[in-house]
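The values are calculated or read from the model by the stated rules, or taken from the named source; none is laboratory data. Here the structure is a predicted model, which is why all the values come from computation and not from measurement. We place every Cβ from the backbone using ideal geometry, glycine too, and count neighbours over all the protein chains shown. Note: areas computed on protein heavy atoms with side chains; ligands, DNA, RNA excluded. Shrake-Rupley method; radii C 1.70, N 1.55, O 1.52, S 1.80 Å.
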Amino acid sequence: MKLSGINKQCGFTLVELIVVILVIGILAALGGKLIVAPVKGYTDLARRTRLVDQAEMALRRMQRDIRHALPNSIRVDGSGQYLELINTLDGGRYRAYPDGASGDVLDFASSDTEFDVLGNLTRVPQDGDSIVIYNVTSSGSVANAYALTPDNRTLVGTGSTNSHLVMATGFQFAHRSPYQRFFLTDGPVTYGCVSGSLVRYDGYGFSATQPTPTSGGAQVTSGVTGCTFSYDPGASQRAGLVTLELTLSEEGETITLLHQIHVVNVP
(Lines give C-alpha, C1' and ligand atoms only; values in the text may rest on other atoms or scores of the structure.)
Protein backbone atom coordinates (compact mmCIF):
# COMPACT_ATOMS: atom_id res chain seq x y z
CA MET A 1 0.00 0.00 0.00
CA LYS A 2 1.30 3.48 -1.00
CA LEU A 3 1.62 6.25 1.53
CA SER A 4 0.08 9.56 0.45
CA GLY A 5 -0.19 13.11 1.80
CA ILE A 6 3.53 13.49 2.47
CA ASN A 7 4.41 17.26 2.59
CA LYS A 8 7.26 18.35 0.33
CA GLN A 9 9.48 21.22 1.56
CA CYS A 10 10.30 24.01 -0.94
CA GLY A 11 13.06 26.69 -0.65
CA PHE A 12 15.88 28.64 -2.34
CA THR A 13 19.15 27.27 -3.34
CA LEU A 14 22.37 28.93 -2.18
CA VAL A 15 23.01 30.22 -5.69
CA GLU A 16 19.60 31.86 -5.82
CA LEU A 17 20.19 33.56 -2.45
CA ILE A 18 23.55 34.91 -3.60
CA VAL A 19 22.01 36.25 -6.81
CA VAL A 20 19.21 37.98 -4.89
CA ILE A 21 21.70 39.55 -2.45
CA LEU A 22 23.83 40.83 -5.32
CA VAL A 23 20.81 42.32 -7.09
CA ILE A 24 19.61 44.02 -3.88
CA GLY A 25 23.12 45.39 -3.26
CA ILE A 26 23.30 46.83 -6.76
CA LEU A 27 19.86 48.44 -6.40
CA ALA A 28 20.76 49.85 -2.98
CA ALA A 29 23.99 51.36 -4.33
CA LEU A 30 22.17 52.97 -7.24
CA GLY A 31 19.40 54.19 -4.97
CA GLY A 32 21.93 55.62 -2.52
CA LYS A 33 23.57 57.65 -5.26
CA LEU A 34 20.18 58.99 -6.30
CA ILE A 35 19.35 60.01 -2.72
CA VAL A 36 22.76 61.36 -1.64
CA ALA A 37 22.96 64.08 -4.32
CA PRO A 38 19.61 65.76 -3.41
CA VAL A 39 20.36 65.48 0.33
CA LYS A 40 23.80 67.00 -0.16
CA GLY A 41 22.29 69.75 -2.30
CA TYR A 42 19.71 70.50 0.40
CA THR A 43 22.41 70.59 3.09
CA ASP A 44 24.57 72.94 1.02
CA LEU A 45 21.60 75.20 0.31
CA ALA A 46 20.65 75.29 4.00
CA ARG A 47 24.25 76.18 4.95
CA ARG A 48 24.42 78.87 2.28
CA THR A 49 21.08 80.33 3.40
CA ARG A 50 22.24 80.34 7.01
CA LEU A 51 25.42 82.20 6.09
CA VAL A 52 23.49 84.76 4.04
CA ASP A 53 21.05 85.32 6.93
CA GLN A 54 23.94 85.76 9.38
CA ALA A 55 25.68 88.27 7.12
CA GLU A 56 22.48 90.20 6.41
CA MET A 57 21.60 90.46 10.10
CA ALA A 58 25.11 91.70 10.91
CA LEU A 59 25.01 94.29 8.13
CA ARG A 60 21.53 95.44 9.15
CA ARG A 61 22.77 95.88 12.71
CA MET A 62 25.62 98.05 11.44
CA GLN A 63 23.25 99.96 9.17
CA ARG A 64 20.96 100.76 12.12
CA ASP A 65 23.84 102.26 14.08
CA ILE A 66 25.22 104.10 11.05
CA ARG A 67 21.80 105.67 10.42
CA HIS A 68 21.92 107.05 13.99
CA ALA A 69 25.48 108.32 13.73
CA LEU A 70 26.34 111.91 14.58
CA PRO A 71 26.93 113.81 11.30
CA ASN A 72 30.56 113.64 10.19
CA SER A 73 31.52 111.24 13.00
CA ILE A 74 32.07 108.06 10.97
CA ARG A 75 35.69 107.06 10.53
CA VAL A 76 37.49 103.92 9.34
CA ASP A 77 41.01 102.88 10.35
CA GLY A 78 43.81 102.34 7.81
CA SER A 79 43.30 98.56 7.68
CA GLY A 80 39.61 98.85 6.85
CA GLN A 81 38.87 96.42 9.69
CA TYR A 82 37.43 98.91 12.18
CA LEU A 83 34.58 101.39 11.76
CA GLU A 84 33.74 103.92 14.47
CA LEU A 85 30.87 106.37 14.93
CA ILE A 86 29.33 108.52 17.65
CA ASN A 87 25.84 107.31 18.48
CA THR A 88 23.04 109.88 18.73
CA LEU A 89 20.16 109.50 21.16
CA ASP A 90 18.07 112.48 20.12
CA GLY A 91 18.34 115.90 18.57
CA GLY A 92 16.54 119.18 18.15
CA ARG A 93 16.95 122.91 17.68
CA TYR A 94 18.23 125.31 20.30
CA ARG A 95 16.70 128.72 20.93
CA ALA A 96 18.79 131.37 19.19
CA TYR A 97 16.41 134.33 19.61
CA PRO A 98 14.27 135.28 22.62
CA ASP A 99 10.54 134.74 22.53
CA GLY A 100 9.44 138.24 23.47
CA ALA A 101 10.64 138.87 27.00
CA SER A 102 11.09 135.17 27.78
CA GLY A 103 13.05 132.26 26.43
CA ASP A 104 16.51 131.04 27.41
CA VAL A 105 18.78 131.64 24.43
CA LEU A 106 22.01 129.67 23.91
CA ASP A 107 24.86 132.16 24.19
CA PHE A 108 27.80 131.60 21.81
CA ALA A 109 29.64 134.75 22.88
CA SER A 110 30.45 133.51 26.39
CA SER A 111 30.20 130.49 28.65
CA ASP A 112 26.58 129.37 29.07
CA THR A 113 24.97 126.80 31.36
CA GLU A 114 21.49 126.16 29.91
CA PHE A 115 19.18 126.86 27.01
CA ASP A 116 15.67 126.18 25.75
CA VAL A 117 14.79 123.56 23.15
CA LEU A 118 12.42 124.55 20.36
CA GLY A 119 9.66 121.98 20.73
CA ASN A 120 10.22 118.86 22.81
CA LEU A 121 12.78 116.07 22.72
CA THR A 122 11.49 112.50 22.53
CA ARG A 123 13.43 111.51 25.67
CA VAL A 124 14.51 113.26 28.83
CA PRO A 125 18.30 113.82 28.72
CA GLN A 126 20.29 112.01 31.40
CA ASP A 127 23.51 112.77 33.22
CA GLY A 128 26.38 111.50 31.13
CA ASP A 129 24.75 112.32 27.78
CA SER A 130 26.66 114.79 25.63
CA ILE A 131 25.43 117.85 23.74
CA VAL A 132 27.11 118.33 20.35
CA ILE A 133 26.68 121.34 18.07
CA TYR A 134 28.05 121.68 14.55
CA ASN A 135 30.24 118.60 14.14
CA VAL A 136 31.92 118.88 10.74
CA THR A 137 34.92 116.55 11.04
CA SER A 138 36.13 113.40 12.81
CA SER A 139 39.74 114.52 13.20
CA GLY A 140 41.63 117.52 14.51
CA SER A 141 40.74 119.76 17.45
CA VAL A 142 38.19 122.08 15.82
CA ALA A 143 34.50 121.12 15.36
CA ASN A 144 35.38 117.52 16.17
CA ALA A 145 33.38 115.74 18.87
CA TYR A 146 36.11 113.07 19.18
CA ALA A 147 38.70 115.63 20.33
CA LEU A 148 40.00 115.19 23.85
CA THR A 149 39.22 118.87 24.56
CA PRO A 150 36.36 119.47 22.11
CA ASP A 151 35.01 122.89 21.29
CA ASN A 152 31.62 121.51 20.24
CA ARG A 153 30.78 118.85 22.88
CA THR A 154 29.87 119.10 26.57
CA LEU A 155 28.06 116.95 29.13
CA VAL A 156 24.42 117.25 30.13
CA GLY A 157 23.85 118.21 33.74
CA THR A 158 21.20 117.56 36.37
CA GLY A 159 17.85 119.27 35.91
CA SER A 160 17.48 118.86 32.16
CA THR A 161 14.04 118.24 30.68
CA ASN A 162 12.81 117.44 27.20
CA SER A 163 12.30 121.18 26.57
CA HIS A 164 15.23 122.67 28.49
CA LEU A 165 18.87 121.54 28.64
CA VAL A 166 21.24 122.15 31.52
CA MET A 167 24.97 121.66 31.03
CA ALA A 168 27.13 119.99 33.66
CA THR A 169 29.47 122.99 33.66
CA GLY A 170 29.53 126.33 31.91
CA PHE A 171 30.56 125.87 28.28
CA GLN A 172 31.02 128.07 25.24
CA PHE A 173 30.31 126.35 21.94
CA ALA A 174 32.73 127.56 19.29
CA HIS A 175 30.43 127.34 16.26
CA ARG A 176 26.81 128.09 15.59
CA SER A 177 24.76 125.66 13.57
CA PRO A 178 23.21 127.22 10.44
CA TYR A 179 20.02 125.31 11.27
CA GLN A 180 20.21 125.79 15.08
CA ARG A 181 20.67 122.05 15.43
CA PHE A 182 22.09 120.15 18.39
CA PHE A 183 22.47 116.43 19.04
CA LEU A 184 22.43 114.32 22.19
CA THR A 185 24.98 111.51 22.11
CA ASP A 186 26.06 108.77 24.47
CA GLY A 187 29.53 107.95 23.16
CA PRO A 188 31.30 106.12 20.37
CA VAL A 189 30.40 102.72 18.93
CA THR A 190 33.10 100.67 17.21
CA TYR A 191 32.74 97.65 14.91
CA GLY A 192 35.79 95.49 14.33
CA CYS A 193 36.72 92.20 12.69
CA VAL A 194 38.63 90.32 15.38
CA SER A 195 39.72 86.65 15.37
CA GLY A 196 37.06 85.43 12.95
CA SER A 197 34.21 87.46 14.47
CA LEU A 198 32.49 90.78 13.89
CA VAL A 199 32.45 92.51 17.28
CA ARG A 200 30.59 95.60 18.48
CA TYR A 201 32.25 97.74 21.14
CA ASP A 202 29.72 100.03 22.83
CA GLY A 203 30.89 103.15 24.64
CA TYR A 204 34.58 102.45 24.10
CA GLY A 205 35.40 106.07 24.91
CA PHE A 206 36.30 109.21 22.99
CA SER A 207 39.73 109.06 21.41
CA ALA A 208 41.65 111.47 19.22
CA THR A 209 42.83 108.50 17.14
CA GLN A 210 40.91 105.58 15.72
CA PRO A 211 40.84 102.90 18.43
CA THR A 212 41.50 99.24 17.61
CA PRO A 213 40.19 97.37 20.67
CA THR A 214 41.09 93.71 21.03
CA SER A 215 39.15 92.75 24.16
CA GLY A 216 35.60 93.10 25.41
CA GLY A 217 32.72 93.92 23.11
CA ALA A 218 29.74 91.81 22.00
CA GLN A 219 29.94 89.36 19.12
CA VAL A 220 27.63 90.26 16.24
CA THR A 221 28.42 87.21 14.10
CA SER A 222 31.05 84.49 13.83
CA GLY A 223 32.64 82.68 10.89
CA VAL A 224 34.09 85.91 9.49
CA THR A 225 36.93 85.21 7.05
CA GLY A 226 37.12 88.69 5.59
CA CYS A 227 35.68 92.18 6.00
CA THR A 228 36.40 95.57 4.52
CA PHE A 229 34.88 98.87 5.61
CA SER A 230 35.27 102.12 3.67
CA TYR A 231 33.79 105.58 3.94
CA ASP A 232 33.42 108.41 1.44
CA PRO A 233 32.52 111.45 3.56
CA GLY A 234 31.07 113.44 0.68
CA ALA A 235 30.49 117.00 1.92
CA SER A 236 28.66 118.75 4.73
CA GLN A 237 25.72 119.39 2.41
CA ARG A 238 25.89 116.04 0.61
CA ALA A 239 25.37 112.52 1.91
CA GLY A 240 28.40 110.39 2.61
CA LEU A 241 28.60 106.73 1.63
CA VAL A 242 29.62 103.80 3.83
CA THR A 243 30.54 100.56 2.05
CA LEU A 244 30.52 97.33 4.06
CA GLU A 245 31.89 94.06 2.63
CA LEU A 246 31.54 90.96 4.81
CA THR A 247 32.67 87.40 4.02
CA LEU A 248 31.48 84.40 6.06
CA SER A 249 32.58 80.77 5.72
CA GLU A 250 31.39 77.44 7.09
CA GLU A 251 32.47 73.90 6.13
CA GLY A 252 33.96 74.98 2.83
CA GLU A 253 31.01 77.21 1.90
CA THR A 254 31.83 80.93 1.49
CA ILE A 255 29.54 83.89 0.84
CA THR A 256 30.34 87.58 0.45
CA LEU A 257 27.80 90.37 0.83
CA LEU A 258 28.31 94.02 -0.11
CA HIS A 259 26.16 96.69 1.51
CA GLN A 260 26.21 100.47 0.97
CA ILE A 261 24.59 103.05 3.25
CA HIS A 262 24.00 106.74 2.61
CA VAL A 263 24.83 108.97 5.57
CA VAL A 264 23.32 112.40 6.13
CA ASN A 265 26.16 114.76 7.12
CA VAL A 266 24.31 118.06 7.51
CA PRO A 267 25.50 119.29 10.91
If I stretch the segment between residue 35 and residue 15 completely, what's the gain in nm (0.36 nm per residue apart, minus their alpha carbon distance), one decimal?
4.2 nm
What does the convex hull of the alpha-carbon atoms of region 46-141 project to on average, in nm²?
10.0
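Roughly how big is the chain's charge dipole about its Cα centre, with Cβ charges of +1 (Lys, Arg) and -1 (Asp, Glu), in debye to the nearest 20? Walk me through the intermediate numbers first.
Working: 20 positive and 24 negative charges, 294 e Å.
Rounded to the nearest 20 debye, it is 1420 debye.
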Please report, to two decimal places, log10 I(q)/I(0) for region 124-180 at q = 0.13 Å⁻¹ as given by the Debye formula with identical point scatterers on the Cα atoms and no solvent.
-0.33
Tally up the carbon and sulfur contribution to the accessible surface of the chain as a whole percent, 1.4 Å probe, everything protein left in place.
56
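What accessible area per residue comes out for region 167-246, rounded to a whole number of Å², with a 1.4 Å probe?
In whole numbers, region 167-246 has 45 Å² accessible per residue.
How would you classify region 170-261 from its alpha-carbon gyration tensor, with a ≥ b ≥ c the square roots of the eigenvalues: rounded for a/c under 1.5, else prolate if a/b is greater than b/c, otherwise oblate? Provide the component values of the computation, followed by the final result.
Values: a/c = 3.47, a/b = 1.78, b/c = 1.95.
In terms of gyration-tensor shape, oblate.
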Taking just the alpha-carbon atoms of region 35-89, what radius of gyration and Dmax come out, in angstrom?
17.9, 56
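Run the numbers on region 154-267 and let me know its relative contact order in percent, using alpha-carbon pairs under 8 Å that are six or more apart. Don't skip to the answer; put the middle values down first.
Numbers: 174 pairs, mean separation 17.7, N = 114.
Relative contact order for region 154-267 comes out at 16 percent.
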Can you list the residues, at least 5 places off or on another chain, whose amide H is less than 5 Å from the amide H of residue 225, using H built in the peptide plane?
247, 248, 249
If unit charges are put on Cβ atoms (+1 for Lys and Arg, -1 for Asp and Glu) and the dipole of the chain is taken about its Cα centre, the option from 154, 106, 257 lying farthest towards the positive end turns out to be 257
Residue 23 to residue 68: extension gain in nm, 0.36 nm per residue of separation minus the Cα-Cα distance?
9.4 nm
Pairs of Cα atoms under 8 Å, at least six residues apart: use those to get the relative contact order of region 63-172, whole percent.
24
In whole Å, what three semi-axes, largest first, describe the equivalent ellipsoid of the chain built from its Cα gyration tensor (square root of 5 times each eigenvalue)?
69, 20, 15
In degrees, nearest 10, the alpha-carbon axis of helix 14-67 is tilted away from the dominant principal axis of the alpha carbons of the chain by 0
Length-normalised contact order for the chain - Cα pairs under 8 Å, 6+ apart - percent:
19
